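The values are calculated or read from the model by the stated rules, or taken from the named source; none is laboratory data. Being a predicted model, the structure only gives us computed values, none of them experimental. Here Cβ is always computed from backbone atoms with ideal geometry, including for glycine, and neighbour counts include all displayed protein chains.
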Amino acid sequence: MIKMKIRFLGGAEEVGRLAIKIEYEEGSFMVDYGMIPEKPPKYPLPPEKVDGLFLTHAHLDHSGVVPHYFNKFDAKFFATRMTANSIKPLLDDALKVARLEHYPQYFSGSDIDRVFSSWENVEYGKSFEFQGYTVTPHSAGHIPGSTMWHFENGRSLLVTGDIYTSDTEMLKGAVPVKSDVLIIESTYAGRNHEKREEVVKRFRERVMEVVDAGGKVILPTFAVGRTQELIMILHDLGLDIAVDGLGNSLTGIYLHTPGFLRSFKKFKKAVSSTHVIRNSRMRANALKNDVIITTSGMMDGGPVIGYVNRLKNDEKSAIFLTGYQIEDTNGRSLLENGTLELDGKVVRPQNIVEFFDMSAHSGHDDLVNFINRVSPETVILCHGDNREKLLPDLEDYEVILPRNDHEFVVE
Ligand SMILES: [Zn+2]
Ligand SMILES: [Zn+2]
C-alpha cells in the first residue's frame, strides 16, 4: 500500500479526544476529532486540512470538536446515519455547557450546521472510493451506529474506534476484518470484564430486591447507548420506569433511525413501556416510579442531582452505577468515598450504592483475541493509558505505541 504518515492529534496515550491524521501520496484524512468532556474540557491539537473526516461514533471523546474542524476547513464528512443523527443533540448540548460554564468557545451553532452540509451517508458493508482507497464501514459493536473503518489499496488498514466484541441486548459484537495494519483502542488493556450475561442477571436481581423492599433505584446513565440498553434490560420486569434527561432525545433518534439495533421491534416495545419525563411538573411526580434512568452518567450534573437530593436519606433506595467513572467525578467519589458534591455541599447519601461493570469496551482478552483474528503485521495501540499491558500478548506483531503529536510512517 501507499506509505502512510500517521500522527495523533490526541487520544494516543490517553482515553479520550481521539484524533488520528493520516497522510499518503494521493490524499489525507482524519479519523475522529474528539475532546475529553471534563470540567473544563480538554481539546486535541488544532485541526489541519484533510480531504476527508471519518467519524467512528457519536461519543464526545470522538466527535466533540468536529465542528471546530469545519470552522477552519472543509472536507467530506463520513459517518453512518445513526452517528450523524446522534451527534446533533450532543454537540448542541456541549455548546450549551460551554456557554453556561464560560469555557472557551471552539465552535458555534453554524459550525454544527456545516458538519451536516458536508455529510456523506455510509452503510455497513457497502464500499466506496476515497482518494485511492476502497473504504468499507463495519459495525464496531460499541454503540448504535459505531463504525470500524477499513481502507484497502493493495494493503489494508483497519481503524476500530471504540469496540465491543460481545453481543449485548442492543447490538451484535464487532466482527474482526483481516488487515495488514490495525489501529485499535486499548481502554481496558490489563483488565477483563465479568461476563456480560452474568452482570445483567445480577443487576436485574438487585433492582428487583431493592424495589421489593420498598426502595427506588436511581440509575445515573450516559445518554447515548446506555440509557436505551438499560430500558431494554429492565423492560420485562413489570416495573414502573421513568427516563429523564438527554437520553430521551437519543431514544427518539434511535426510534427514527431503523436498521442499527439487534431488534428494533423489541426496542420499540421496551421504550413504549417507560415514562418519559419532560418537565419539572413531571419530575416532581417521577419518584412514584420504581426506577429512574437519568443523566448524567457520572453524576456531575443533569436531573440525577435533583433525584439524589430528594432520596439521599432513604436507606432502602439505591444508586446503581453501570458505566466507567472517570477520576474527579461525583460518581467516582461516591464509589470510592461514599460522598457526593450536591449544589456545592459534600453529602454522604444513605442509599445502597453498587457498581455493575457493563462496559461497552472490550476487555484485555477480547482485545487480544480480536487482534489475532484481524491478523495484522502492525498493531498501533491508542485510546488507552495502560497500553503496555497488552505487549506480552502481542509478541507476534510489530506493535507501535504512538504518543500525541509524534509523526511516524507505516508501509
Ligand atoms: Zn465511545
Ligand atoms: Zn472513546
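Worth pointing out:
- Test: residue in the stretch 333-354 that is in contact with a Leu (Cβ under 6 Å, 6 or more places away or on another chain), at pLDDT 95 or above and basic (Lys, Arg): no
- Hits in the stretch 176-207 - residues which are farther than 18 Å from SER156 by Cβ and of a type in the set (D, E, K, R): GLU185, ARG191, GLU194, LYS195, ARG196, GLU197, GLU198, LYS201, ARG202, ARG204, GLU205, ARG206
- Counting the residues of the stretch 324-364 that are of a type in the set (A, V, I, L, M) and in contact with a helix residue (DSSP H, G or I) (Cβ under 8 Å, 6 or more places away or on another chain) gives 7.
- In the stretch 8-35, the residues that are under 15 Å from PHE54 (Cα atoms) and more than 16 Å from ligand 2 (Cβ to nearest atom): LYS21, ILE22, GLU23, GLY27, SER28, PHE29
- As a summary of the residue check, HIS193 satisfies the conditions (1) touching a strand residue (DSSP E or B) at 6+ places or on another chain (Cβ under 6 Å); (2) closer than 26 Å to ASN313 by Cα except for the one numbered (2).
- Checking each residue in the stretch 36-81 for being farther than 30 Å from PRO258 by Cβ and within 11 Å of ligand 2 (Cβ to nearest atom) picks out only ILE36.
- Any chance LEU367 is touching a strand residue (DSSP E or B) at 6+ places or on another chain (Cβ under 9 Å), farther than 30 Å from VAL207 by Cα, within 16 Å of ligand 1 (Cβ to nearest atom) and not in a loop (DSSP other than H, G, I, E, B): yes
- Considering the conditions (1) of a type in the set (A, V, I, L, M, F, W, C); (2) in contact with a Lys or Arg (Cβ under 8 Å, 6 or more places away or on another chain); (3) under 30 Å from GLU411 (Cα atoms), ILE371 is excluded by exactly one of them, (2).
- Exactly one residue among PHE130, PHE116 is buried (at least 17 other Cβ atoms within 10 Å of the Cβ), assigned by TED's automatic domain parsing to the domain that holds PRO392, away from ligand 1 (no atom under 16 Å from the Cβ) and not aliphatic (A, V, I, L, M), and that residue is PHE130.
- Scanning the stretch 27-57 for residues that are in contact with a Ser or Thr (Cβ under 6 Å, 6 or more places away or on another chain) and more than 15 Å from ligand 1 (Cβ to nearest atom) yields VAL50, ASP51.
- Subset of the stretch 58-82 (residues that are within 16 Å of ligand 1 (Cβ to nearest atom) and part of a loop (DSSP other than H, G, I, E, B)): ALA58, HIS59, GLY64, VAL65
- Qualifying residues in the stretch 172-192 (those that are in a loop (DSSP other than H, G, I, E, B) and either within 16 Å of ligand 2 (Cβ to nearest atom) or at pLDDT below 95 (or both)) - the one surrounded by the most Cβ atoms within 10 Å (Cβ to Cβ): SER186
- Of all positions in the stretch 18-38, none carries a residue that is over 17 Å from the mean Cα position of the chain (by Cα), under 22 Å from SER296 (Cβ atoms) and surrounded by fewer than 23 Cβ atoms within 10 Å (Cβ to Cβ).
- Cβ separations smaller than 6 Å between residues 6+ apart or across chains give no pair from the stretch 387-411 residues that are on the phi > 0 side of the Ramachandran plot to residues that are of a type in the set (Val, Ile, Thr) and surrounded by 12 or more Cβ atoms within 10 Å (Cβ to Cβ).
- Some residue of the stretch 83-106 being in the same structural domain as VAL66 (by TED's automatic domain parsing), in a strand (DSSP E or B) and within 16 Å of ligand 1 (Cβ to nearest atom): no
- Residue list for the stretch 204-219, filter: within 21 Å of ASN313 (Cβ to Cβ) and surrounded by 15 or more Cβ atoms within 10 Å (Cβ to Cβ): ARG206, VAL207, VAL210, VAL211, GLY215, LYS216, VAL217, ILE218, LEU219
- Residue within the stretch 100-109 that is within 23 Å of the chain's Cα centre (by Cα) and under 30 Å from LEU171 (Cα atoms) present: no
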